[in-house]
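Report on the following structure.
The values are calculated or read from the model by the stated rules, or taken from the named source; none is laboratory data. The model shown is predicted, which means the values in this text are computed figures rather than measured ones. Note that each Cβ is placed from the backbone with ideal geometry, even for glycine, and that neighbours are counted across all protein chains shown. Ligands, DNA and RNA are stripped out before the accessible areas are found, and what is left, the full protein with its side chains, is counted by its heavy atoms. Shrake-Rupley method; radii C 1.70, N 1.55, O 1.52, S 1.80 Å.
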Amino acid sequence: MKTLFPPIEAYLAQLSPNNITEKRKEKLNMISEYIYKKLKQQEPVALNFICTHNSRRSFLTNVWANVLAYHFKLPLIESYSAGTEATEIFSSCLEVLEENGFQISRKSKAPVHPTYEIKFSEAAKKITDYSKSLAQQQLNQEFIAILTCDEANQACPMVPRAEIRFALPYQDPKAFDKLPNQKEAYRATNTQIATELLYLFNALAKIA
């Protein structure tokens, strides 16, 4: 396995697949089986995590998918994120990732839709991401659409350029904004996403 920053390694090491429900594992297994068929044919895999605003859940899933593809040496897998509309990556998502050991810097000075660089290893290319809509996303290849919220799943009955779509919704931590337990809610969402994607990528690493 390639080397991540030690705090990120430690964070992943304490995650347990036992915390994933059987219903969620069924969803994750369907995704991994589809990806495996492409990897078996040496076909590139583009994952596109889509939510309503591309500010929280789709952003976090994209980050962890990038990290785990690198961690498990799966270079054919690339990951992206988008929304049904563009807003801004929410600060609490950046904060919980920094707690995990990520190094995050703001790349653009634009007040609207700022771009961030996320570093997770000394050797790996940084992740560059910002809130963008599907219409703004410049992806020419077909991709696997993974809908991370029910709203996006309902709003996107047809996703342009998607070869297949999977619904993998997460509870929106936005519901806890400005409440005393806001940070705990974002930590919980981040942990669920990291745990489930670790389960998915670990399965791919065993069969790829």
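Can you confirm whether segment 41-52 contains a residue that is part of a helix (DSSP H, G or I), open to solvent by less than 60 Å² (accessible area, probe 1.4 Å) and in contact (Cβ under 8 Å) with a residue 12 or more places away in the chain?
No - not one qualifying residue is present in segment 41-52.
Quick one: residue 5 ticks every box in (1) more than 22 Å from residue 147 (Cα to Cα); (2) surrounded by fewer than 16 Cβ atoms within 10 Å (Cβ to Cβ); (3) out of contact with any helix residue (DSSP H, G or I) (no Cβ under 8 Å at 6 or more places or on another chain) bar one, so which box is it?
Residue 5 satisfies all of (1) more than 22 Å from residue 147 (Cα to Cα); (2) surrounded by fewer than 16 Cβ atoms within 10 Å (Cβ to Cβ); (3) out of contact with any helix residue (DSSP H, G or I) (no Cβ under 8 Å at 6 or more places or on another chain) except (2).
Could you pull out the residue among 85, 142, 122, 117 that is under 16 Å from the mean Cα position of the chain (by Cα), of a type in the set (Asp, Glu) and either open to solvent by 10 Å² or more (accessible area, probe 1.4 Å) or on the phi < 0 side of the Ramachandran plot (or both)?
Just one listed residue meets the conditions, 117.
Go through segment 8-40 and give me each residue that's surrounded by 12 or more Cβ atoms within 10 Å (Cβ to Cβ) and not in a helix (DSSP H, G or I).
15, 20, listed by residue number.
Restrict the check to segment 64-77 and report whether at least one residue is more than 16 Å from the chain's Cα centre (by Cα) and buried (at least 17 other Cβ atoms within 10 Å of the Cβ).
Checked segment 64-77: no residue is more than 16 Å from the chain's Cα centre (by Cα) and buried (at least 17 other Cβ atoms within 10 Å of the Cβ).
Out of the residues in segment 146-179 that are over 17 Å from the mean Cα position of the chain (by Cα) and open to solvent by less than 30 Å² (accessible area, probe 1.4 Å), state the one that is modelled with the highest pLDDT.
Only one residue tops the list, namely 159.
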